[in-house]
Structure formats: structure tokens, C-alpha cells
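Colleague: Questions regarding the structure given below will be posed in turn.
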Amino acid sequence: MSSETQKILTTDGIPLEVSLKKVERRNKFKAFLLVAPLLLFLLIVYISPIIGMLFNSVDDRMVTNALPKTFIAMEKWDGKDLPSEEVFEAFYIDFQKLIEEERDGKLSTQLNYEKNGFKSIIKKLRRKSKSFEEGNYKEQIMAVHERWANVEYWRAIKRRAPAYSYSKYLKGVDMYQNESGRFVQVEEDRRIYKKLWVRTLKIAFYVTLFCFLMAYPIAHLLATLPLKYSNLLMICVLLPFWTSLLVRTASWMILLQQQGVINDFLVWIGLVADDKRLVMMYNETGTYIAMTQILLPFMVLPLYSVMKTISPSLVRAGKSLGGTPFITFWKVYFPLTIPGIGAGSLLVFILAIGYYITPELVGGASGTLISNQIAYHMKYTLDWSFASAMGLMLLTGVLAVYWVYNKLVGIDNIKLG
Amino acid sequence: MTSLKSFVKFDKVDKSYDGKILVVKDLNLDINEGEFITMLGPSGSGKTTCLMMLAGFETPTNGEIYLDSKPISRIPPHKRGIGMVFQNYALFPHLTVYENLAFPLKVRKFSKDEIDKKVDKALATVSLSGFEKRMPNQLSGGQQQRVAVARSLVFDPQLVLMDEPLGALDKNLRESMQYEIKHIHENIGVTVVYVTHDQSEALTMSSRIAVFNDGKVQQLSSPDKLYEEPVNSFVAEFIGENNTFTGEVIDISAGKCKVKLASGAEIISNPIRVKSKGEKTKVSLRPERAIIDPDEKMENKHKGKIEEIIYHGDHARVRLNLLGNKEFILKIPNSSARMDIKQGNEISVGWKSHDARALDAKSI
Ligand SMILES: Nc1ncnc2c1ncn2[C@@H]1O[C@H](COP(=O)(O)OP(=O)(O)OP(=O)(O)O)[C@@H](O)[C@H]1O
Ligand SMILES: [Mg+2]
């Protein structure tokens, strides 16, 4: 940097710094133009869906807008006993309007997410409310179905009053906010998501571990074999990349099923009795086997690229200094491969944690992961806001893994090749 | 050297990497305990390969190497107790200088105190005290090389192999390191097998020098013999400066031969590699053995024209056109301020027949 007293000028009298900046600005602008399409593309297809998802997961205006009067009337209700006549009347008016606009179906779907059993009683109310007389709505509505007289259902409605809520996130970890505003767990037999999260993490962890154990020797071979053999081996490693994921998973199904190739073989060599064929599919085992195979290249490649750079003379030096082959491996070779292990593990773990197709096809009930649950809510229950919430939780989890990794190993220690 | 026991013995060793070319051919080499042997030779002549076989990282294709009279092929590398400085240093990049040096001591289960002491001492000998905590990539090339030397010596091995350990050092540091290594060698009596490209380094440090070319030891002898009495024209041309005349033997008798050059002139030389008349030969003469204005008794006396004078500080080199050799070099001490040594002048040069060695006609 030039000081104030000694500004360096270029030959045409402009301060050096200014003209340097001018030149650089032009270069930067050109560089920016080059990446602009990619940036725009990323913004449109990556960032904006995430923002949309975030919005979707907390957006609850549908119910809020459907029952405006009801929620105003409910403000005074303490939530202990059944609400007053005022609330029932407001609800009746709101509901009539919904029927006119044919939006009652949507409301019933939404309320049913909140509490099972709403669907049928709203249908019934719709039928019966045509013949309602003016006044005393509380009695009339309660007479439609006994659940309308159950305070639990009215509490469920009130919970949907805010336009934005994080209740979906609570649901994602099997919790909800009760009347007094406390976070509590749902009943024992309805806790499914927590178990699923734990299973997802567990499977991702073990798949990473298995991949590491299998990839390390392969990568080492690849890095040390003479070129003509290592090329062949490399093709074997990369072959899965050239085959569609679906085909690979399907071939695992052929291999693993009870009447499949592996079982046939085991029976044939007499290791397994015909009536006791191994169950290797539609459970966790299937998920482990198939996912490990499919994610293996993601571990092999970073490891290989790191091992390739380790000079063989280092191992030789270790041995010449008196290190046994094991000590030399453990103290010299292994530490030098850590960047590759880190990169590979991170890659495999992050891919595994969000894996979908393979567990869907071979996982069965006990081998499916959180992403299968997300897909289920997108496709069948149509509870997109819940799916969004879980998707974001997954994303946060991945970022957390990344963060922890950065703290432990340092992201610049990573080597992808 | 007349030591009793050969400590390292290469016995008819051949080595081929690809099954097509022998990079080491029929190598026989005896190294005595406490000796400082230098392998000298052009790039690719198989020096590193020899060290690798000795250290156990390459196996001889044929033949056997004996260490302390035991065939070495049965001893795994880590049990040979051979210190080694690799051509590319091979410092462990993830360990500090201290940890690098402590590695061989730790695997030998030395106590922490002993390790500290030995590491301190080793670093002091290569004048790198205070660098313990540096990582190898925070050192200059020369410093890395010195760490590698220190690491190869820190566990007091009986045999140290050094593959161009001083290649990256400047002249001063190189000389002081040569002195250190020599010093260590003399003090602890370690046997050293040393590889270098630097002739003067080889000549000053070694007890014996093995000149390699083409996978073969061309000559193995003490530095003075190597310089004064090269046994073939490769060695003569590879070591030191050398004037050569190519010609044919026309007469040979006890201790003398007459060589006829292409220019028609005849010179009397010392038949080393020629045995009979009609053989082609290259006559080799060291520049300092040629004398200006020789007296009448000198067997060889010829006139040459001065082509160029190159000033070298303490001496000058004079390039002559002599008997058809335009590259004939003479060395003249700076003190002899002779007026007639000027470009274009003719001077008379002579030498003893004993100093003109008639060698084989092969060229490098
Ligand atoms: N691993 C290898 N595979 C195949 N050929 C090799 C291998 N290592 C060395 N060679 C060949 O063997 C010959 C001798 O190599 P070597 O490394 O011993 O030479 P050097 O004398 O040490 O040379 P420099 O002085 O350049 O280090 C060379 O021609 C080289 O190409
Ligand atoms: Mg070499």
C-alpha cells in the first residue's frame, strides 16, 4: 500500500492504486459474467426451493384464513372446558362459508393432520349443518357427533390458529405443544420419527464404516499396482457409475431375495437349510448391503487420489529406520491418508443420510430411512409442510455434520482429488 | 584397503526392472567395515538401484548381497539396521523435525530422555538446533536434506546409505556438511555408502570410489589411483580433466607403445589397455602432466598454437591446437607470468610416456 505522502503514480498521472483497481474491476466483472449463468442457475434450482421449503414448513395460513371468526372468538377461551356458544357460532358461520366455496375438504385434511378423526366428523357436520336452525349452535354441533363434544378436538383447532407455526418441526421429533404451551412427547405408541432419525443416522454411520473398511485396501491397491492392472481395477470400481442406480438396486434384489441367487447358492453348498433361507432383503441387512456397494466408489476415489500422492519412499524410509511394516503403516502411511478418509467419509455419510431409492426398494419396513418418510408425506398424505419441515431438518443435520467435521478435521484438510 | 572382513558384499548381482534391460550387470563389490565408499557415475547408471537393493526395497534379479556375511535376502528391510538418506529426502511430512528424528528411536524403545538427548545431538551436528518444532515443508531444501542426514544417523546404524545427501546445498554449507559427515564417519566408525554426482566431493571424502556406468562398476579404487591411473577411457574422461588423442598402436614393447594419430604424428605412451599392434586406442593425458618448453630428454615433444586463454584466478587454462586436437588443455599457475603465452603464439609442449595412458577406444 502506498502511503499518503508517497502516492505512486502511473505514467499518465493516475495514482497506481486507482488504475490497478480499475483494471481489476474490469477483470472481476468479466469473471463474474462468466459465472453468472451458473450463479443464476444455482439460485433458481437450489437456493429458491430451499427458501420455498422453509416457508412451506412453517406456513399455516390456510387454516388461519379458513376459520377467521372462530379464532377471534377462541382468543378468550382458556382451553380447559368446552368453548362457549360464541365460538361454536363463529365456527358455524366460518364453516358455512367454506362449504359455499368448497374449501371444507382442505380444512378437513389439515385438521386431520393435527388430530386423527376430523375427516369423518367434518363430513358429517357438512351434511347435517344444512338443516341447522338458527341459534344454540353449540347443542346442534355437539349433537352431530360425540367428538364435537370432546374438548380435545377443539384444542386441536385452536392449535392451528397462528398463521405461522413450528408445530411440524415438533412433530418431526414426535413432540407437540400442549395447551399450557409446554413441549411434550406424543404417546408412546405413536412415536415413529425419532426412531427413524436414529435409524437413519445409524445406517449412515455403518454404511460409511463399511465403505471405509472395504475402500481402504482397494484404494491402496489402485495406488500401488502397476498401471495396466490398476486401470482394470479402476474400471471395476467405476463400473457402478456407468450403470443406472435403479438397475443396480434391482440386481441386488435378484441376488438377495429368499429365492435369490445367494440363497440358492448357500442352500446348494449346504450351508443353509432349504426351509431356513436367509432373510437378506426387506430389512436393514438389505439396506446395508446395497447401500455399501452403491456408495463404495465415493469412498474409493478420494482415498485413491490422496494415496496416489504419497511417495513410496516415505514408507521405505519408515522401514529403513526400523519400523515394522505395521508401525510404518500406522505412523507414516495412515496419517497421510486422513484427508482422503475425511473427504470420503463425509461424502458417503451425507449421501447415505438422504438416500432414498435403495432403501425404498430393498429396505422393507425396518430398513427405510427418513427420506422415505419424507417421500411418503409428499406422495400419499400430501402433508407438504411436514415433508418440508423434515427435509429441512435433514439439511440442518447434514450442515451440522459438516460443521462438526470442520471443527474436528478442518475442511481445508479435505481432499477430493 | 586390506581390511580382513568384507562387511557388505555384492556377489554377481544383476538387476532388471522390466525383464528387458539390465540396469545393474554382474556387480561385484566388497565393502569393508568402516569404509567410506562413494558411488560415482552419470545419471541412470544404477547407483540408486544398488542402494535400494542393499536397503531391501528392490530384490536382485540374480546374485546375492551379503551383509556381515549373511545373505541379505532373508532379512526384512526394517531389521537390517541400515540408515538411509533418500534422494528425495523422504521426510515424513506430517511429523515435526523432532518427531522425524525420534521415529527410529521410538521404534527401538528408547526412553524419552535418551531420545531427547540423541535428537539434540544429531540436530546440532547438522547445525539445525532450534528447528525441532518445524514441519518439513517449513524448511528449505538444504535444511530438509540436513534433517534427512541427521535422521539416518540418529540411531547409530552400522551402515549408512546416502543418496546424494548434499545435492541441494550451496558451496559453503556443502563443504561444512562434507566435513561433518566425514567427521562422523571417522568418529563412530560407521560404514558409509555414498552416492554423488560431484567429483570433488567424491575425491575428498571417500576411502574408495566406485565409478558406475551402464550398470557396471568401471573402476573401484582409492581417489588418487582413480585420478592418476584410470583403467579405461570412460573413467579417464569422467573423472577430472583429460586430454585425449585417438589413434592406432603401431609398435608395442615392454611398458611403452607408439601410437599413430590421424594427423600422422606419433606419440609414445604407456600401454594400459592395449596389447598388440593395430589396436585402436585413446591416449589420455592429464592437463597438469603436460609441461611447457620441455627439455630435450622428454619422449614426447610437440608444438601447438594457443587458441584461447581462460583465466581461473589461481591458475589459467590454455587451450591449444595440438596434433589435431583443438581441445588440448594446459594448466599454468598464475605466478608464471610468461610473456609468450598469448593467443595465436606457438609454444612447445611435452610429457613423459608414462603419463600418456593408452586406453580402450570406446568413447562415452
Ligand atoms: N522402479 C523402476 N522401474 C523401472 N526402471 C527403473 C526404476 N527405477 C530405476 N529405473 C531405471 O534404472 C536405471 C538406473 O536407475 P537409478 O535410479 O539406479 O539411476 P541413478 O544412477 O541413481 O541415477 P541418478 O544419478 O540420476 O539418480 C535407469 O535407467 C532408470 O530408468
Ligand atoms: Mg539416483
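Values in this text are rule-based calculations from the coordinates and carry no lab data. Nothing here was measured: the structure is a model prediction, and the numbers come from that model. Every residue, glycine as well, gets a Cβ built from its backbone with ideal geometry; the counts of neighbours run over all protein chains shown.
Colleague: Starting from the coordinates of the alpha-carbon atoms of chain B, obtain the Kirkwood hydrodynamic radius over all distinct pairs and give the value in Å to one decimal.
Modeller: Taking the inverse mean of 1/r over all distinct Cα pairs, chain B comes out at 23.0 Å.
Colleague: Distance from the Cα centre of the stretch A:67-126 to that of the stretch A:224-279, in angstrom?
Modeller: Between the Cα centre of the stretch A:67-126 and that of the stretch A:224-279, the gap is 56 Å.
Colleague: Got a sec? Which residues in the stretch A:208-225 would a label at A:Leu233 touch, if it sits 7 Å along Cα→Cβ and we count backbone N under 18 Å?
Modeller: Counting only backbone N, you get A:211-225.
Colleague: At what distance in nm do the modelled label points of B:Ile341 and A:Trp268 sit from each other, each positioned 7 Å from its Cα along Cα→Cβ?
Modeller: The two pseudo-label positions are separated by 9.3 nm.
Colleague: Evaluated at 4 °C with a viscosity of 1.567 mPa s, what Stokes-Einstein diffusion coefficient in µm²/s does the stretch A:63-161 have when Rh comes from the Kirkwood expression over alpha-carbon pairs?
Modeller: Using the Kirkwood radius from Cα pairs, D works out to 98 µm²/s.
Colleague: Calculate, for A:Gln258 and A:Ile338, the FRET efficiency according to 1/(1 + (r/R0)^6) with r their C-beta to C-beta distance and R0 60 Å; round to the nearest 0.05.
Modeller: Calculated transfer efficiency: 0.90.
Colleague: Taking a label point 7 Å from the Cα of B:His183 along the Cα→Cβ vector, which residues of the stretch B:95-130 have an amide N closer than 20 Å to it?
Modeller: Only B:117-130 pass the distance filter.
Colleague: Using a cut-off of 26 Å between alpha-carbon atoms, which lysines can reach A:Lys228, once sequence neighbours fewer than 8 places away in the same chain are excluded?
Modeller: Those lysines meeting the cut-off are A:Lys308, A:Lys415, B:Lys15, B:Lys20.
Colleague: Counting other C-beta atoms within 10 Å, which of A:Ser129, A:Ser371, B:Ser253, B:Ser200 has the fewest, and how do the rest follow?
Modeller: So the residues, fewest neighbours to most, are B:Ser253, B:Ser200, A:Ser129, A:Ser371.
Colleague: Give me the number: length gained by fully extending B:Ser200 to B:Ile309, i.e. 0.36 nm times residue separation minus the C-alpha to C-alpha distance, one decimal in nm.
Modeller: Extra length available between B:Ser200 and B:Ile309 comes to 36.9 nm.
Colleague: Once you have the Cα-Cα distance between A:Thr309 and A:Tyr46, take 0.36 nm times their residue separation minus that, and quote the gain in nm to one decimal.
Modeller: Using 0.36 nm per residue and subtracting the Cα-Cα distance, I get 91.2 nm.
Colleague: Something else about it: Which of the lysines could a cross-linker span from A:Lys76 if the Cα-Cα distance has to be under 17 Å and same-chain partners fewer than 8 positions apart are dropped?
Modeller: Reachable lysines: A:Lys138, A:Lys158.
Colleague: Leaving out same-chain residues fewer than 8 places away, which lysines sit with a Cα under 22 Å from that of B:Lys275?
Modeller: Within the straight-line limit of under 22 Å, B:Lys275 reaches these lysines: B:Lys225, B:Lys256, B:Lys258, B:Lys260, B:Lys352, B:Lys362.
Colleague: Also: Where the eigenvalues come from the Cα gyration tensor of the stretch B:234-359, what are the semi-axes √(5λ) of the equivalent ellipsoid, largest first, in whole Å?
Modeller: 26, 15, 13
Colleague: Right, next: Calculate the mean, over all residues of peptide A:204-216, of how many other protein chain Cβ atoms lie within 10 angstrom of the residue's Cβ.
Modeller: Per-residue shielding by partner chains comes out at 0.
Colleague: Still on this structure, I have one more. So what J values fall out for the stretch B:89-101 if you push phi through Karplus, 6.51 cos²θ - 1.76 cosθ + 1.60 with θ = phi - 60°, rounded to Hz, Gly and Pro as x?
Modeller: 6, 6, 6, 6, x, 8, 10, 6, 4, 4, 5, 4, 6
Colleague: Hey, another quick one. When B:Ile291, A:Ile47 are ordered from fewest to most other Cβ atoms inside 10 Å of their Cβ, what list results?
Modeller: The most exposed by this proxy come first: A:Ile47, B:Ile291.
Colleague: For the protein assembly as shown, what does -39500 (n - 2.57) per DSSP helix run (n ≥ 4), summed and divided by total residues, give at 222 nm, in deg cm²/dmol to the nearest 500?
Modeller: About -14500 deg cm²/dmol.
Colleague: For chain A, what's the radius of gyration and Dmax over Cα atoms, in angstrom?
Modeller: Considering chain A through its Cα atoms, Rg and Dmax are 30.9, 100 Å.
Colleague: Could you tell me how far the Cα centroid of the stretch B:28-58 sits from the Cα centroid of the stretch B:114-155, in Å?
Modeller: A separation of 25 Å, based on Cα centres.
Colleague: I would also like to ask the following. How much FRET efficiency would the formula 1/(1 + (r/R0)^6) give for A:Val198 and A:Leu34, where r is the Cβ-Cβ distance and R0 is 45 Å, rounded to 0.05?
Modeller: 0.50
Colleague: Take the eigenvalues of the Cα gyration tensor for the protein assembly as shown, scale each by 5, and report the square roots as semi-axes in whole Å, largest first.
Modeller: 89, 33, 24
Colleague: Applying 1/(1 + (r/R0)^6) with R0 = 60 Å to the Cβ-Cβ distance of A:Asn283 and B:Gln138, what FRET efficiency is obtained, to the nearest 0.05?
Modeller: FRET efficiency, A:Asn283 to B:Gln138: 0.65.
Colleague: Of the candidates A:Glu85, A:Glu102, A:Glu17, which one comes out as most mobile in a Gaussian network treatment of chain A with C-alpha springs shorter than 10 Å?
Modeller: Looking only at A:Glu85, A:Glu102, A:Glu17, the largest GNM fluctuation is found for A:Glu17.
Colleague: Still on this model: Taking the Cα-to-Cβ direction at A:Asn116 and at B:Thr96 and moving 7 Å from each Cα, how far apart do the two end points lie in nm?
Modeller: Placing both labels 7 Å along Cα→Cβ, they lie 6.3 nm apart.
Colleague: Here's a follow-up. Most exposed first by the Cβ proxy, i.e. fewest other Cβ within 10 Å, how do B:Glu35, A:Glu101 rank?
Modeller: Placing the least packed residue first, the sequence is A:Glu101, B:Glu35.
Colleague: Above 16 Å lies some portion of the pair distances; for the stretch A:1-59, what is it as a whole percent of all C-alpha pairs?
Modeller: Beyond 16 Å sits 65 percent of the P(r) for the stretch A:1-59.
Colleague: What is the distance, in nm, between label points placed 7 Å from the Cα along the Cα-to-Cβ direction at B:Ser276 and at A:Ala143?
Modeller: Taking the two extended label points, one gets 14.1 nm.
Colleague: Same structure, new question: Give, as a single signed number, the net charge of other residues whose beta carbon lies under 10 Å from the beta carbon of B:Leu128, with Lys and Arg counted +1 and Asp and Glu -1.
Modeller: With Lys, Arg at +1 and Asp, Glu at -1, the neighbours total +1.
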